[in-house]
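Down below is the structure, laid out as structure tokens.
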Amino acid sequence: MKTLLLSTAIFLFSSSSSNGQNSDVETLKKLNREFLNAIVNKDTAALSNILADDFMLVNPGGMKRNKQDNLTNILTPNQDVISVDIDSILVRLLSTDVGWVMAWTTNLVRANGINSTFKICYLDIYMKRKTKWVAVAAHVTGLNGQ
């Protein structure tokens, strides 16, 4: 009887833990999409809500950009991100409050009236702070020599 109770308790604990992990994975996927939409829509309020105050990004050129740099960058005149299509995405939880999103995307950008398509891979690190997931770091790599 004790074995049956112990087995049931372990099953219930592992099921609820798995459900919590699935929920967090879905939350990170949703935040990733909101992050991309904020860039396309030049929505600095949404992006500010997603990025932690201590957020740091390393761009394909190796430059470091903090939260304010990223908010300013999406408002650059004569430069528009028209679309970002996710080609592939991986999400992993490292703990109950740290996870990452790695994605490969195809991006359509208009700069000075000229459209360009390019592919990137990025890794975003998220932390759960006071029950809210926020992006704390990112690294972007240009693909195919870009």
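All of the numbers you see were taken from the coordinates with simple rules; none came from a lab. As the structure is a computational prediction, the values presented were derived from the model and not from experiment. When we count neighbours, we look across all protein chains shown, and the Cβ atoms used for this are built from the backbone with ideal geometry, even at glycine.
Within straight cross-link reach of LYS132, meaning Cα distance under 18 Å, which aspartates and glutamates are found once same-chain residues fewer than 8 apart are removed?
Straight-line reach from LYS132, under 18 Å: ASP24, GLU26, GLU34, ASP53, ASP54, ASP97, ASP124.
Using per-residue counts of other Cβ atoms within 10 Å, averaged over each peptide, order 32-42, 62-72 from highest down.
Taking the mean over residues of other Cβ atoms within 10 Å, the ranking is 32-42, 62-72.
Starting from the 7 Å offset along Cα-to-Cβ, what nm value, one decimal, do you get for the label separation of SER48 and GLU34?
According to this spin-label approximation, the distance is 1.5 nm.
Among rounded, prolate and oblate, which fits region 41-121 when a ≥ b ≥ c are the square roots of the eigenvalues of its C-alpha gyration tensor, a/c under 1.5 means rounded, and a/b larger than b/c means prolate?
Since a/c reaches 1.5 but b/c is at least a/b, the shape of region 41-121 is classed as oblate.
Can you pull the one-decimal nm distance between simple spin-label points at LEU94 and GLN68, each 7 Å off the Cα toward Cβ?
About 2.7 nm separates the two model spin labels.
Starting from the Cα gyration tensor of region 66-112, take the square roots of the eigenvalues, sort them a ≥ b ≥ c, and report rounded, prolate or oblate (rounded when a/c is under 1.5, otherwise prolate if a/b is larger than b/c, else oblate).
Oblate.
Mind scanning LYS30/LYS64; LYS42/LYS130; LYS29/LYS67; LYS29/LYS119 and naming the pairs with a C-alpha gap bigger than 23 Å?
Values: LYS30/LYS64 25 Å; LYS42/LYS130 27 Å; LYS29/LYS67 20 Å; LYS29/LYS119 19 Å.
Pairs exceeding 23 Å: LYS30/LYS64; LYS42/LYS130.
Take GLU26 and LYS132, extend 7 Å from each Cα along the Cα→Cβ direction, and tell me the distance between the two endpoints in nm.
2.2 nm
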